[in-house]
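None of the figures in this text is laboratory data; all of them are computed from the coordinates on show. This structure is a prediction, so every number in the text was calculated from the model and none was measured. Reconstructed Cβ throughout: ideal geometry from the backbone, glycine too, with neighbour counts over all protein chains shown.
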Ligand SMILES: Nc1nc2c(ncn2[C@@H]2O[C@H](COP(=O)(O)OP(=O)(O)OP(=O)(O)O)[C@@H](O)[C@H]2O)c(=O)[nH]1
Ligand SMILES: [Mg+2]
């Protein structure tokens with residue numbers, strides 16, 4: 001996976017080659033602009049090492065239970081929860097689905113996903129995880145006892161709405177998808193490349209709004225291809241249901 005974000009991880013060898021103290025396969029980048037640069041690096045290295053050890057443990061536990069896991073990410077409000085409601089309504093009878101719902105505060109989205117027969121485990125990062133703007137592997141691990149993993153086919157993790165940090169943390173998922181809304185502007189893949197690069201599927205949501213926007217779909221696709229030539233793209237409207245069948249098919253193939 002090619003990641004090069006806030007913490008400058010390049011675990012596929014891409015990106016620049018900084019010779020700084022403590023640099024190894026888990027390179028967390030150039031913090032030389034800070035007086036505390038060396039200390040920052042050491043702390044980040046330890047955070048990522050712990051995260052990746054726990055992500056591996058999560059992945060092993062999911063595999064042992066025979067469950068596949070999708071990490072669903074987006075900017076706030078792109079439509080993750082609305083899409084998941086549609087998904088549960090359609091796939092509920094065909095797949096045994098569990099949801100891990102990540103939010104900084106409130107059970108609002110977890111409540112919106114209740115009543116469809118899916119097991120929903122809420123993680124509020126403001127409740128013991130420092131109010132973080134993303135889910136990390138230990139947070140996801142804390143939710144596992146609240147899901148009947150052995151009885152599930154698929155777990156979808158709705159990550160905290162944020163176009164940057166969630167992409168930097170492996171949580172033990174099998175696949176990553178993001179919801180991008182056409183209201184966000186076609187330049188976003190260029191400005192937030194880590195997220196767009198890290199996902200195998202980009203759901204282009206809110207296409208029902210296209211008649212009211214100046215959105216340049218070809219320009220967006222060009223920008224996306226610049227940072228991620230291989231991603232699958234699905235135009236969707238969680239509101240009208242357009243494209244939701246194709247999204248459900250993708251989930252079925254992943255499960
Ligand atoms: N017109 C239109 N509105 C949509 C669509 N999908 C979601 N919305 C609306 O967009 C707003 C945000 O949707 P959510 O599903 O809450 O988005 P989210 O990504 O879960 O948001 P966070 O969890 O806060 O990051 C809501 O008002 C939805 O009704 C869509 O396809 N078309
Ligand atoms: Mg949501």
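Structure data summary
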quantity: Residue 107 versus residue 230: modelled label distance in nm, points set 7 Å from Cα along the beta carbon direction; calculated: 4.1 nm
quantity: Choice from 236, 164, 43 showing the highest fluctuation, given a GNM over the chain with Cα pairs closer than 10 Å; calculated: 43
quantity: Cα centroid of the stretch 128-201 to Cα centroid of the stretch 60-114, whole Å; calculated: 10 Å
quantity: Residue 35 versus residue 94: modelled label distance in nm, points set 7 Å from Cα along the beta carbon direction; calculated: 6.0 nm
quantity: Pairwise FRET efficiency - residue 114 versus residue 49, Cβ, R0 = 51 Å, nearest 0.05; calculated: 0.90
quantity: Fluctuation leader among 65, 75, 181 - the chain, Gaussian network, Cα springs under 10 angstrom; calculated: 65
quantity: The stretch 37-247: antiparallel DSSP beta bridges as a percent of all, rounded to 5; calculated: 0 percent
quantity: Length released on extending from residue 183 to residue 222, taking residue separation times 0.36 nm less the Cα-Cα span; calculated: 12.4 nm
quantity: Relative contact order (%) - the chain, alpha-carbon pairs under 8 angstrom, separation at least six; calculated: 21 percent
quantity: Most mobile of 98, 243, 79 in a GNM of the chain (Cα contacts under 10 Å); calculated: 243
quantity: Projected label distance in nm at residue 213 and residue 60, using a 7 Å step from Cα toward the beta-carbon; calculated: 4.3 nm
